[in-house]
């Protein structure tokens, strides 16, 4: 009888263990956050792909983004960048839903140690493209910040280049002139600690207004990117985010 009780107890323990194992969910491996870039590059990703809703980023097959990156979003959202080992790296940006109509974007990019990069994805989910830009980070010696402009507006046919004006500076001269589609300008000095509005017009005109955006007070000595994105015949926007 004692032997039977022992057998029953062992079977009960095994059943409980099996139950807890069946309730345990596997946690996907996410690359750890790194703050030392001496042997790596600093990378951020901006999603200008029209209609993209849930993109995930992989480097050499390892997921680096734990949350979905939608159109108009920046990764990482709580830091300036994430670390990528220097050298030739394979990137994949994709929607992981089995039913998605988005075509995965896979490309190889050489990353130099100590440098900073922004990857812009653009076009539409059926023809996603990317532009990897080296960020020329210069820290101002005064209290100004730095700003650059990126033109990733989508249209089925070519559209005019654009001029970008600042409300604070008026219409005397544009902040950024003749910016072509899929072009990213260099950084320029820009006043910090003030609220401004950026206006986008077709090059050589100041009417009609294509789109405008209020730029909140920027932090001194930091570098920012303003992106003209969206659909030319639909919803357009200017998205401003910190690059450094």
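The values are calculated or read from the model by the stated rules, or taken from the named source; none is laboratory data. As the structure is a computational prediction, the values presented were derived from the model and not from experiment. Ideal geometry is used to build each Cβ from the backbone, glycine not excepted, and the neighbour counts take in all protein chains shown.
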Residues in the stretch 191-206: is at least one farther than 25 Å from residue 116 by Cβ and free of Cβ contacts under 8 Å to residues at least 12 places away in the same chain?
-> no
Out of all the residues in the stretch 27-41, is one or more within 30 Å of residue 244 (Cα to Cα) and at pLDDT 95 or above?
-> yes
Scan of the stretch 143-176 for residues that are touching a strand residue (DSSP E or B) at 6+ places or on another chain (Cβ under 9 Å), touching a residue at least 60 places away in the same chain (Cβ under 8 Å) and under 24 Å from residue 244 (Cα atoms), ordered by number | 144, 145, 146, 147, 148, 149, 150, 151, 152, 153, 164
Considering 127, 90, which residue is surrounded by fewer than 17 Cβ atoms within 10 Å (Cβ to Cβ) and under 21 Å from residue 152 (Cβ atoms)?
-> 127
Regarding residue 209, is this residue over 18 Å from the mean Cα position of the chain (by Cα) and closer than 23 Å to residue 50 by Cβ?
-> yes
Filtering the stretch 105-124 down to residues that are assigned to a loop (DSSP other than H, G, I, E, B) and surrounded by fewer than 16 Cβ atoms within 10 Å (Cβ to Cβ) yields 112, 113, 114
